[in-house]
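Chemist: After the structure tokens below, expect a handful of questions from me.
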Protein chains: 2
Amino acid sequence: MRRSTTAATALLLGAATLASAQTYQRLGTCPKLGCVFPPDQTEFLAGQLFDIRLEVHAPVNGSEATNGVPDEKFTFCIQGGNGPCEDATKFFKAKEPALEKWTFQYYEDLFARDAKTPTVVNVTSKAYRALSLAQPGSYTAKLSYNGGGQTVANWVVRKPATDRRAKNVLFFIGDGMTQAMITAARLIAHKSINGKYQSLMQMDQMDNLGHQMTHSIDSFITDSANSATALYTGKKSTVNALGVYVDSSKNSFDDPKVETIAELFRRRIGGALGIVSTAYIADATPAGLCSHTRDRGQYASIVTEYLYNATFLNSTFAWPTSCQGPDVIFGGGAEQFIAGTGSPNGTDFYKAFQAQGYNARQKKGKGEGWFMMSEAASIDKMMHVLDYDRALGDLLELDNTIRASIAHLKEIGEYENTLIVVTADHGHGFDVFGGADTKYLAAQSTDRKKRDAVGVYVNSGLSGYTVAPGSLPNNQTVVFGSEGPNFPVQWNPRYTYAAGFGANPDHRETYSISTKGPRVPATAGADGTYVVNPADNQAGFTVEGTLPTDEPQGVHSLTDVSVFANGPGAEAFKGVYNSIDIFFKIADALALGRTDGT
Amino acid sequence: MRRSTTAATALLLGAATLASAQTYQRLGTCPKLGCVFPPDQTEFLAGQLFDIRLEVHAPVNGSEATNGVPDEKFTFCIQGGNGPCEDATKFFKAKEPALEKWTFQYYEDLFARDAKTPTVVNVTSKAYRALSLAQPGSYTAKLSYNGGGQTVANWVVRKPATDRRAKNVLFFIGDGMTQAMITAARLIAHKSINGKYQSLMQMDQMDNLGHQMTHSIDSFITDSANSATALYTGKKSTVNALGVYVDSSKNSFDDPKVETIAELFRRRIGGALGIVSTAYIADATPAGLCSHTRDRGQYASIVTEYLYNATFLNSTFAWPTSCQGPDVIFGGGAEQFIAGTGSPNGTDFYKAFQAQGYNARQKKGKGEGWFMMSEAASIDKMMHVLDYDRALGDLLELDNTIRASIAHLKEIGEYENTLIVVTADHGHGFDVFGGADTKYLAAQSTDRKKRDAVGVYVNSGLSGYTVAPGSLPNNQTVVFGSEGPNFPVQWNPRYTYAAGFGANPDHRETYSISTKGPRVPATAGADGTYVVNPADNQAGFTVEGTLPTDEPQGVHSLTDVSVFANGPGAEAFKGVYNSIDIFFKIADALALGRTDGT
């Protein structure tokens, strides 16, 4: 924000106070009563497709109450650089969209929620579909309403790279993976002698290191859908949204869309596309590549969008780009494929894939290169249930996968052609703070005495996970590094690491691995709120949570996450930047921007 | 560790199990009964001074019990490369040191501690003082004892840079500063519009980003003394140690020393030296530059070592290098200067500085450049007491100091000559996990209901700290970035960030700033263990701690910390490396290594 002495700007700041920091917001990206999507500060790749949604709000009650009648005669113009502000229909050579109307409700704060006194907002709206801006530079989008009100969105079309540097892109996402977790994984899987690691994580050895900021467009903590949207489209959005900005209408499929890196790669280059996840394939991180919905829970629609464009199942709005059936899809989630309540229209969706030739398919786009996203999803899923061991295990499997992928790329002669990027989509407030003597902990009879089993500072000791529990057969020793497993030799040493979150549900702690399967730390008590799961960690001490009592799991955190990159275009990933910049850096390595209007 | 099929190696691994992961260790760097300092894996700058300490242990009782008589006839030889193993007196042209003997005790585990059954260890020892290795390459140090036992230490002298690239070094340490804290500081002090920051931290904008691993030599969690030793000497050590390895003797000043970057800079170049801290000047992070003691609490000795070498006050052993009176010392801690129990020998130590010409002193080493360390100490001190606001405030002051320093260096024409490095010495397991409605929290009457004030994900909202609480005078707006304060506009908005640690003492939480001064979260209860401080955060909800009940504060954590660097030699700070590498990178930028035996 630049210095300004106008009263109008000061008022804008004042108005922003009301909505910006609230637990509940009327519409996060829209502090004023007129809303423009894409909102102020949006940046585009030249030629990237996007929808525009305009809304005018008329709150019926609450702190912003009006007469309740939203303006139906709002106008919208676009100004390129210092040119005139042209009506959007003229500027984009688009038809005037139909006026839409709806009403929504929200709570202004937690007191209003407890009192069940929602604020009602009447809305008028229009939407322009599948537009693009080809010329790099600055644009100003102006929505005028209520006889003098104006909402201005400043947009920038970035100057695209013209030389394609990477033939292939291999994009690894460790879901929820922070630097604290990478450090802990290194501790339990790599041998250190007197403070010197004898082998390192593959991530540690990559050529370029960066940090990216994961926050949402309208809240400082993100979820995986929203952050996938940022990474894949270059647009921050709202929690739960995939490939769209979130408007205030009820329909989960009419929100303004933006084109993803996968759609651009298909449309511009026609290269091969691969999507791999250890989660179900309709989960947010894989889904973000091809889906357009404000609701990440629309699993049936999401798998439909792998094959068809967004208009196929739910949307009545043109969206002339899609993933066109990825060449590789690996993931869980048979629920969306076996005919039933979870599958698209209840059909056998394996058959839909077979009909597209997925049985014996020729590789598409051979010679044009490929884009592959591979997700380690259990880092996040196991951190959510405080099952640190399984989370770190998945992180180590990701690291070993990266190592094996590099070896394979070298073997097939594609390593020099391939941009490899490894990052996360958000954090969890995890860190190791000491060691724990699990034998001592189990032998104590009170919670306070059990806590005494934790050793801090010098008493944290060293990693017991890299030391074989007894002598190994054939006098073998444990090997780490490029030859080795790069995995703990044992998961349940007497002296374990002690770790935790700043934000927990009620739970019990033993600092030992959950041998019966992933943890369920909290379960619903008599009043429906979450309390310690009576079956979990029965020998442990109780940790009363800090989270709202309707939250059964840990939650995401704010911290910047690391980015590691190798290969052509990888040096652009050094330094500190926003999550959306990852999209632009990959798009530039592939030269996906076009200034010719295509 | 390389693959090996010898039984001896397998046994070594087995033996390491016993000592390596324990809460209490006999001597962390010494899993066998013979100990060599510097231990296995040590790396040296060519010509860096160091002591050697040898010990042979004879446990009287416990799991490693012997006849209790330690070998007095142990031998010690050094092998350079593939040459012969020469007796150390010959190799170093040193006199045979006198044999020393002592006894120490330790607990093998927490059960032994509770039962008050220590293990007694008798020791024989020798120490060689102030040696150095000039030739780059590998060395093997072999201690032979007990008629066949052997402890081997592999040492490496790194090939030093011969061209000096940096005239000056400006080394900023944010004590305990993690990336999660930098992210939180950015949130509260820089304005974001729709997810795009309008200004950034100075750290964010530096040219080179790295990560360093902070663990100790003998435990995975470090303190600030030990980590200062790693950063300043290139040697990992033990918690509480400054510029020495920790031996098992009682004397806090006879432990084997290593030369620091400040001593080397004085001895090799004679440039100007500056030491600045927001802590007392005898605190670990400033002290590490000039001090040599296993006990960071020896404040009087520590301030003495700023002026004189380590033999002046306490040590009877030659140490022919020192900081020689830094040109600039800024810090707190009058207790060590006003004549009294805290000052060296009870004297007025201001006078000792005056006698050295500190009143109207000529600048030393003019033209030879300067080395300056500047520490933001309250990040750590305030994180320890869970006073996140003050910790982040100090972090922001550090960032603003870096910005001002860069501007000043440009102004005086020294920016291009100056290597600037910004890093931390360890972490705290802090992260922001949501927002909190402090008004709602205060209005609730039960702890569980108060927790409900926390908003996670989309309900975390946006930063209220960058929004002025009302309209500003003269229609001014708030400016961030290079012109602005880069500090919160208000510290106590209704909607705050909610943050925490995985490791806490018992405390109460309101997520509001502590307006009466720094927090004291826990105080001793009737039985001497720590419970909630009755005076702290009385309107908050209780969080029962996870730490041992003798711990009144938060503790350090494992996470790698960030490194930001600009200037000549700064590109070496990219990527992921060990804390000790910082010493070598700075030494190489200054070309402090010498292969000519000086």
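Chemist: So is residue B:280 open to solvent by 10 Å² or more (accessible area, probe 1.4 Å) and modelled with pLDDT under 95 or not?
Modeler: Details: open to solvent by 10 Å² or more (accessible area, probe 1.4 Å): yes; modelled with pLDDT under 95: no.
No: the conditions fail for residue B:280.
Chemist: List the helices (runs of 4 or more DSSP H) inside the range B:192-287, counting only whole elements, that have at least 1 residues being in contact (Cβ under 8 Å) with a residue 12 or more places away in the chain and within 14 Å of chain A (Cβ to nearest Cβ).
Modeler: Hits in the range B:192-287: B:224-233, B:284-287.
Chemist: Assess whether residue A:411 counts as being in contact with a helix residue (DSSP H, G or I) (Cβ under 9 Å, 6 or more places away or on another chain), more than 10 Å from chain B (Cβ to nearest Cβ) and surrounded by fewer than 22 Cβ atoms within 10 Å (Cβ to Cβ).
Modeler: It is false that residue A:411 is in contact with a helix residue (DSSP H, G or I) (Cβ under 9 Å, 6 or more places away or on another chain), more than 10 Å from chain B (Cβ to nearest Cβ) and surrounded by fewer than 22 Cβ atoms within 10 Å (Cβ to Cβ).
Chemist: In addition: Mind counting the residues in the range A:90-116 that are away from chain B (no Cβ under 14 Å), open to solvent by 30 Å² or more (accessible area, probe 1.4 Å) and not in a loop (DSSP other than H, G, I, E, B)?
Modeler: The total comes to 7.
Chemist: Would you point out which residue out of A:447, A:399, A:389 is within 25 Å of residue B:501 (Cβ to Cβ), more than 10 Å from chain B (Cβ to nearest Cβ) and touching a residue at least 24 places away in the same chain (Cβ under 8 Å)?
Modeler: Working: A:447 fails: more than 10 Å from chain B (Cβ to nearest Cβ); A:399 fails: within 25 Å of residue B:501 (Cβ to Cβ).
After ruling out the rest, the residue left standing is A:389.
Chemist: Suppose we keep only residues that are surrounded by fewer than 23 Cβ atoms within 10 Å (Cβ to Cβ) and among the hydrophobic types (A, V, I, L, M, F, W, C) within the range A:190-205. Which one would you say is farthest from residue B:580 (Cα to Cα)?
Modeler: Selected residue: A:200.
Chemist: Would a scan of the range A:392-403 turn up a residue that is farther than 23 Å from residue A:229 by Cα and touching a Leu at 6+ places or on another chain (Cβ under 7 Å)?
Modeler: The answer is no, given that none of the residues of the range A:392-403 is farther than 23 Å from residue A:229 by Cα and touching a Leu at 6+ places or on another chain (Cβ under 7 Å).
Chemist: Return the residue satisfying two criteria in turn: it lies in the range B:147-191 and is polar (S, T, N, Q) and either part of a loop (DSSP other than H, G, I, E, B) or under 20 Å from the mean Cα position of the chain (by Cα) (or both), and of such residues it is farthest from the other protein chains (Cβ to nearest Cβ). Don't jump to the end; show me each part of the working.
Modeler: So the first thing to find is which residues in the range B:147-191 are polar (S, T, N, Q), and the list is B:150-151, B:154, B:162, B:168, B:178-179, B:183.
Still in the list and also either part of a loop (DSSP other than H, G, I, E, B) or under 20 Å from the mean Cα position of the chain (by Cα) (or both): B:162, B:178-179.
Working: B:162: 25, B:178: 8, B:179: 5 Å.
This residue is B:162.
Chemist: Hey, another quick one. When residue B:349 is evaluated against the numbered criteria (1) open to solvent by less than 20 Å² (accessible area, probe 1.4 Å); (2) under 21 Å from residue B:204 (Cβ atoms); (3) more than 21 Å from the chain's Cα centre (by Cα), which criterion, by number, is the only one it fails?
Modeler: Residue B:349 satisfies every listed condition except (2).
Chemist: Taking the range A:67-84, which residues are open to solvent by 50 Å² or more (accessible area, probe 1.4 Å) and modelled with pLDDT of 95 or more?
Modeler: Restricting attention to the range A:67-84, the residues satisfying the condition of being open to solvent by 50 Å² or more (accessible area, probe 1.4 Å) are A:67, A:69, A:72-73, A:75, A:82, A:84.
Correct list: A:67, A:69, A:72, A:73, A:75, A:84.
Chemist: Failed condition for residue B:69, given (1) assigned to a loop (DSSP other than H, G, I, E, B); (2) free of Cβ contacts under 8 Å to residues at least 40 places away in the same chain, with all others met?
Modeler: Looking at each condition in turn, residue B:69 falls short on (2).
Chemist: If you take the residues in the range A:53-66 that are open to solvent by 10 Å² or more (accessible area, probe 1.4 Å) and at negative phi, which one is nearest to the other protein chains (Cβ to nearest Cβ)?
Modeler: Step one: list which residues in the range A:53-66 are open to solvent by 10 Å² or more (accessible area, probe 1.4 Å), which gives A:60-66.
Those left that are additionally at negative phi: A:60-61, A:63-66.
On the way: A:60: 23, A:61: 20, A:63: 13, A:64: 17, A:65: 20, A:66: 22 Å.
Applying the filter and picking the extreme gives A:63.
Chemist: May I ask you to verify whether residue A:175 is of a type in the set (Asp, Glu) and more than 30 Å from residue A:264 (Cα to Cα)? Before you say what the answer is, go through the steps one by one.
Modeler: Details: of a type in the set (Asp, Glu): yes; more than 30 Å from residue A:264 (Cα to Cα): no.
No.
Chemist: From the list A:121, A:157, pick out the single residue that is open to solvent by less than 40 Å² (accessible area, probe 1.4 Å) and closer than 30 Å to residue B:439 by Cβ.
Modeler: Values: A:157 fails: closer than 30 Å to residue B:439 by Cβ.
The conditions single out A:121.
Chemist: Out of B:76, B:50, report the one residue that is among the aromatic types (Phe, Trp, Tyr), away from every other protein chain (no Cβ under 14 Å) and under 14 Å from residue B:124 (Cβ atoms).
Modeler: On the way: B:50 fails: under 14 Å from residue B:124 (Cβ atoms).
Sole residue among the options that is among the aromatic types (Phe, Trp, Tyr), away from every other protein chain (no Cβ under 14 Å) and under 14 Å from residue B:124 (Cβ atoms): B:76.
Chemist: Here is a follow-up. Need the failing condition index for residue A:187 against (1) surrounded by fewer than 21 Cβ atoms within 10 Å (Cβ to Cβ); (2) modelled with pLDDT under 95, just the number.
Modeler: (1)
The values are calculated or read from the model by the stated rules, or taken from the named source; none is laboratory data. The structure presented is a predicted model; accordingly, all values stated were derived computationally and were not measured. Cβ sites come from the backbone with ideal geometry, for glycine too, and all protein chains shown count toward neighbours. Calculation scope for accessible area: heavy atoms of the full protein, side chains included, ligands and nucleic acids excluded. Shrake-Rupley method; radii C 1.70, N 1.55, O 1.52, S 1.80 Å.
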